[in-house]
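Here is the structure we will look at, set down as structure tokens.
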Amino acid sequence: MASSPCGNGNFDSGLEIKTRSVEQTLIPLVSQITTLINHKDKPKKSERTLAAIHRVGQAVSLAVGRFVAVGEAIAAENQELKDEMGHACFEARRAGDAIAQLTDVGSALPSQSDGRVTVFSDRTGMVKAARLLLSSVTKVLVLADRIVIKQIITSRNKVLVTLDHLERVSTFQEFVQIFSQFGNEMVEFAHLTGDRQNDLKDEKKKARMAAARAVLEKCTMMLLTASKTCLRHPDCESARINKDAVFHRMRCALEQVIEIVTEARSCGENRILPASIYNGIKDFKSSVECLRENLYSLSPQSVGSQLEVLVERTEDFTDSAYTSHEQRQAILSLCQLARQDTQQLMHAWIEAQSVHAKEATEDMEVVILKTCQSVSDLRRELHKAAVGRASDLLKVHGEQLPLRALKAAGAEGNLEAVAEYSRTLTEQKEQLVETCRLLCHVSGTEPLEITCIHAEETFHVIGPQIISAAQTLALHPSSKIAKENLEVFCEAWESQLCDMALLLREINDVFEGRRGDKRPYLSLPRPGKHSANLKTAKAVKLDAEEQTSIAKLGLELRLLSSDVDTEVEKWEEQEHDIVRQSQSLASMAYNMYLFTRGEGLLKTTLDLFHQAEVLSEEGLQMCSSLRTFSTQLVDEEKSVVMTEMEKLVALCQQLQMGAKTPVQGKTATFQKVDSSIQTTRGILTVVISLLPFCNKLNKKYKSERSSLGSPHDWKERQNASTPVKEEEALNSKNSNGFGVKSLEQHVAGLNLLESK
């Protein structure tokens, strides 16, 4: 949706919709108003149609009245918005009354020649009222959205105050009290920012918000152990450095969240993303291909300069000490080939201009194709180099040898060994940082670029923190808290490696055309890792034999997950609830597949069971969406969907009950793992059978709805029951009409009136 749903003069200036909730709330209103306006052109109107139009107009007016009452209540509680909100509410009420008057055709049934002004005789008035209503309701929603931003800022300020108190505490008793308060405040902040992240329309902002929230999530546990270590060893310099780094990173992440929600233009996070080679190649190819239409829009010199900038960026690959000789030579050769092809293009281009050609000549067309192919080959080679290096590093670092050595050396109090293994870890850190930089070049989308930058920064920060934690343990080898602190930072490093493996998969998906943008990473609860109370249920890891026995099941999950992705990509409406929920189920199933290989975010059986619970809840949400979707279907179609949905409900409930059922002993735990994965496999199988069928039906009914808006086409396709169909279209509860419920649900969802 554009800056405003309608062009209503000064009232719309500067109005921009930035969240999906506001946009989705306006869609039903636009739909109903469009229906009312379109009915004006239908030459014959039955009594039932006229009565239906009258009822819709009155319903719109009533809904607006109740919506305005909510807006006025918000204004009364927020003095800074009182004038703006009051004016928007006044305009909305006025527009609603005008629509009610224009649709008051019910009493005019005996004769329409009495001179009464209605939607049929004054279409201009109806359009003006519709514009005013859309504009004013949008203004109310956007102003209400400011309250959500205010809530996030207020929550952040509370967290910052408590964070300052935590940093200054001097006793364990005081620390425990304040950390408990801090935990509650962080939970509130996480909920608010999580809702905001999901609601944002801008994918770059969503990715930045996800990165900042990931930092806060991981740093909360680090803050706990780093602070306890500092309290236990107050004179230890390495412990103080370790703690200070955590507090600094949390403050930076909190500030980044506020910059995103307020769109602040500070020097920190609003910097321009580093120029990636992927974008450089895309822009260069676009410039070259534009020559087919216009030989004079660019100069040959500008295109040549564009290529040189692109070639210069490849030096990040060719200058790297970790790039193999063969890869370096391949990249340099492709750069030279691209230069040669571009030079040929410039010669053909200048020649075509000299004879005043209006479009690209045959010679130019051939060189254009060659030039585009050479830079595409260059991109493929760079992708191969970056992804290959990342894959190799993940295999090497998967063994975690330096981390194990640091833990052992610290526990022995061996400072020399700690220094030696610290150098090894520092070298690994530099390799990972550089690899993230190369992945950023070939990531393919801006959200993935942001995720690469986040990974680079995380490795850069956590590496030194692990070293300072190891130094502290080496100085105090008998300290349990120092040992626990080092363990927490090592787990954060391992977690980031798992995130990098998922990121690598996303980059490959984009490169191979399987997905056009980044799927959001799910925030998975990690028992015992994000709570001050560490005495949780025991989590166990599968041994090698158990891992092998479930590997086949895991592979089936991987294949089914890919099948779901393939079916989802066939949908035109990528924001459809069924699509989003299917993507989420596939993503969680892929996490479970990684668990069967001993990889990924799920480290223990407890993690797996929590993931199974979350997956079952998402599956039940999908059942709810399917039930809503089925209400628009005819009997036979509805029966098929409902039958499959009932299977899905049963499987989700089975998975949920199984995941929550406690078990004792190794054998019982393994059986529970096996059962959870098998049930998940069944859920994906049902989803795969539903997706193509629902997609087909969605296209069918979408086409029918769009044809309803065209009086000529609609009339040709319908039989004599036209007036009845019109009435059904107007009165149908499933036409996504602009009713009181949709608006009140939106406002309730924003939690604007909790204080009342």
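In table form, for the structure just shown:
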quantity: Set of aspartates and glutamates near residue 358 by C-alpha distance (under 18 Å), chain-local residues within fewer than 8 positions excluded; calculated: 289, 293
quantity: Contour excess over end-to-end distance, with Cα ends at residue 24 and residue 198 and 0.36 nm allotted per residue; calculated: 61.3 nm
quantity: Given 429/483; 82/702; 158/603, the pairs whose alpha carbons are separated by over 29 Å; calculated: 82/702; 158/603
quantity: Mean-position separation - Cα centroids, the stretch 316-394 and the stretch 577-601, in angstrom; calculated: 37
quantity: Calculated log₁₀ intensity ratio I(q)/I(0) where the Debye formula runs over C-alpha points of the stretch 178-233, q = 0.13 Å⁻¹; calculated: -0.42
quantity: Proximal aspartates and glutamates relative to residue 407, as straight alpha-carbon distance under 15 Å, when same-chain residues fewer than 8 apart are discounted; calculated: 399, 416, 420, 484, 487, 491, 494
quantity: Cα-projected label distance for residue 328 with residue 419, points at 7 Å along beta-carbon direction, nm; calculated: 3.2
quantity: Inter-part distance where the stretch 469-506 and the stretch 610-628 are each reduced to a Cα centre, Å; calculated: 34
quantity: Cβ-Cβ FRET estimate between residue 480 and residue 678, R0 fixed at 51 Å, reported to 0.05; calculated: 0.80
quantity: Nearest-20 debye value, the stretch 134-280 charge dipole, Cβ charges on Lys, Arg, Asp, Glu; calculated: 280
quantity: FRET E, pair residue 555, residue 191, Förster distance 56 Å, beta-carbon r, rounded to 0.05; calculated: 0.95
quantity: Heavy-atom accessible area order for 195, 377, 235, largest first, 1.4 Å probe; calculated: 235, 195, 377
quantity: Among the listed pairs 201/282; 672/696; 150/206; 205/647, those beyond 26 Å (Cα-Cα); calculated: 672/696; 205/647
quantity: With DNA, RNA and ligands ignored, accessible area of residue 427 (1.4 Å probe; Å², nearest 10); calculated: 100
quantity: Which of 376, 676, 305 is most accessible, then next, and so on - probe 1.4 Å; calculated: 305, 376, 676
quantity: Gain in span if fully extended, residue 321 to residue 569, counting 0.36 nm per residue against the direct Cα distance; calculated: 85.3 nm
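The values are calculated or read from the model by the stated rules, or taken from the named source; none is laboratory data. Note that the coordinates shown come from a computational prediction; the quantities given were computed from them, not determined experimentally. Glycine also receives a Cβ, built like all others from the backbone with ideal geometry; neighbour counts cover every protein chain displayed. Keep in mind that these areas ignore ligands, DNA and RNA; they rest on the heavy atoms of the full protein, side chains included. Shrake-Rupley method; radii C 1.70, N 1.55, O 1.52, S 1.80 Å.
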